[in-house]
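What follows is one structure encoded as structure tokens, with my remarks underneath.
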Ligand code: MTE
């Protein structure tokens with residue numbers, strides 16, 4: 001039997017969102033299943049330019065410099081692309097990207113993107129909800145987490161020669177986080193196919209979590225029972241936890257998370273206050289009863 005989240009689409013109606021003006025003003029992108037929300041969102045969140053979005057990146061497989069991905073990611077072969085889906089699913093297998101995503105709605109989601117390094121952008125993604133993909137492969141009842149893996153191609157990725165993190169890059173979500181309608185698989189930006197430096201051809205976007213949870217160029221998705229290891233937790237568990245929810249009250253051990261530098265705002269612009277869950281208050285119920293200073 002497939003996994004059933006404890007909310008339905010009716011519980012997350014656009015009405016509850018437009019009634020909450022404060023949340024919209026705060027820039028929470030809301031649940032954009034409602035096309036009526038889009039004009040309001042576009043007004044409140046001004047996306048960064050494509051130039052900014054594609055020239056200030058973290059994709060360590062191509063180097064650790066912010067401009068390295070733009071310089072080197074062109075070498076990545078993205079066609080053909082296949083994704084191996086396994087673990088606790090009804091329909092495991094290696095799917096071509098086209099087969100796996102066939103029939104999935106491509107829509108625009110303008111999301112705030114908050115990096116753990118305390119900078120932020122607003123990005124208009126195209127993609128579909130991860131829950132659509134999970135429903136297609138049939139999540140079995142024992143599954144509690146989703147594990148993701150990035151391609152590892154030393155011949156195409158100059159950065160993997162350096163052991164800055166353990167390769168391949170891996171990430172994970174709890175199943176209810178993965179099923180949440182805000183969680184998307186992005187295949188494009190500004191209506192164009194995903195630029196390689198941003199994780200072509202397909203990447204995860206979880207707007208209430210720090211950017212590093214948004215794993216790029218995904219080749220494996222596994223449904224598992226145990227909490228999967230994640231690249232940054234493996235690299236430094238004291239500094240990076242599994243949850244990595246944007247939280248201005250829990251500082252990174254080496255810097256504050258209370259404010260953020262807005263990319264594109266200019267060097268003299270004031271830093272912006274960081275919002276709990278990056279402003280996406282509707283996910284708070286996922287963490288009820290959890291001590292978020294412990295589960296950071
Ligand atoms: N995915 C892979 N495979 N490798 C990476 O180095 N960096 C992460 C995340 N996904 C990373 C990755 C980090 S730290 C951030 S902030 C975002 O990608 C950056 O996404 P962007 O370059 O599209 O803004």
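In the stretch 137-148, the count of residues that are touching a helix residue (DSSP H, G or I) at 6+ places or on another chain (Cβ under 7 Å), in a helix (DSSP H, G or I) and either within 27 Å of residue 105 (Cα to Cα) or modelled with pLDDT of 95 or more (or both) is zero. Just one of the numbered conditions (1) farther than 23 Å from residue 112 by Cα; (2) in a loop (DSSP other than H, G, I, E, B); (3) under 18 Å from the mean Cα position of the chain (by Cα) is not true of residue 291: (3).
Please go through the stretch 40-99 and pick out each residue that is more than 16 Å from the ligand (Cβ to nearest atom) and assigned to a loop (DSSP other than H, G, I, E, B). Listed by number, the residues that qualify are 46, 79, 80, 88, 90, 91, 92. Consider the stretch 104-120 and keep the residues that are more than 10 Å from the ligand (Cβ to nearest atom) and assigned to a loop (DSSP other than H, G, I, E, B). The one that is nearest to residue 190 (Cα to Cα) is 106.
The residue list 225, 282, 233 contains one member that is surrounded by fewer than 23 Cβ atoms within 10 Å (Cβ to Cβ) and closer than 27 Å to residue 153 by Cβ, which is 233.
So, in the stretch 125-147, of the ones that are buried (at least 21 other Cβ atoms within 10 Å of the Cβ) and closer than 23 Å to residue 53 by Cα, which residue ends up nearest to the ligand (Cβ to nearest atom)? Looking at residues that are buried (at least 21 other Cβ atoms within 10 Å of the Cβ) and closer than 23 Å to residue 53 by Cα, I get 125.
Please verify whether the stretch 84-99 includes one or more residues that are crowded, with 20+ Cβ neighbours inside 10 Å, over 27 Å from residue 209 (Cα atoms) and in contact with a strand residue (DSSP E or B) (Cβ under 6 Å, 6 or more places away or on another chain). The answer is yes, given that some residue of the stretch 84-99 is crowded, with 20+ Cβ neighbours inside 10 Å, over 27 Å from residue 209 (Cα atoms) and in contact with a strand residue (DSSP E or B) (Cβ under 6 Å, 6 or more places away or on another chain). You will find that of 160, 165, the residue that is buried (at least 18 other Cβ atoms within 10 Å of the Cβ) and assigned to a loop (DSSP other than H, G, I, E, B) is 165 and no other. Can you name the residue in the stretch 195-213 that is within 11 Å of the ligand (Cβ to nearest atom), within 20 Å of residue 84 (Cβ to Cβ) and touching a residue at least 24 places away in the same chain (Cβ under 8 Å) and is also surrounded by the most Cβ atoms within 10 Å (Cβ to Cβ) among such residues? Here the answer is 199. In the stretch 189-200, is there at least one residue being under 24 Å from residue 91 (Cα atoms) and in contact with a strand residue (DSSP E or B) (Cβ under 6 Å, 6 or more places away or on another chain)? No, because not a single residue in the stretch 189-200 is under 24 Å from residue 91 (Cα atoms) and in contact with a strand residue (DSSP E or B) (Cβ under 6 Å, 6 or more places away or on another chain). Restricting attention to the stretch 214-239, the residues being part of a loop (DSSP other than H, G, I, E, B) and more than 10 Å from the ligand (Cβ to nearest atom) number 10. Taking the listed residues 169, 190, 210, the one that is within 12 Å of the chain's Cα centre (by Cα), closer than 28 Å to residue 49 by Cβ and modelled with pLDDT of 95 or more is 210, with no other qualifying. Scanning the stretch 100-124 for residues that are surrounded by fewer than 16 Cβ atoms within 10 Å (Cβ to Cβ) and more than 24 Å from residue 76 (Cβ to Cβ) yields a total of 3.
Residues that are without any contact (Cβ under 8 Å) to a residue 60 or more places away in the chain, surrounded by fewer than 15 Cβ atoms within 10 Å (Cβ to Cβ) and farther than 26 Å from residue 49 by Cβ within the stretch 251-279 comprise 251, 253, 254, 258, listed in sequence order.
The values are calculated or read from the model by the stated rules, or taken from the named source; none is laboratory data. Fair warning: this is a prediction, and the values are worked out from it, not measured in the lab. FYI the Cβ positions are ideal-geometry reconstructions off the backbone, even for glycines, and counts take in every protein chain you see.
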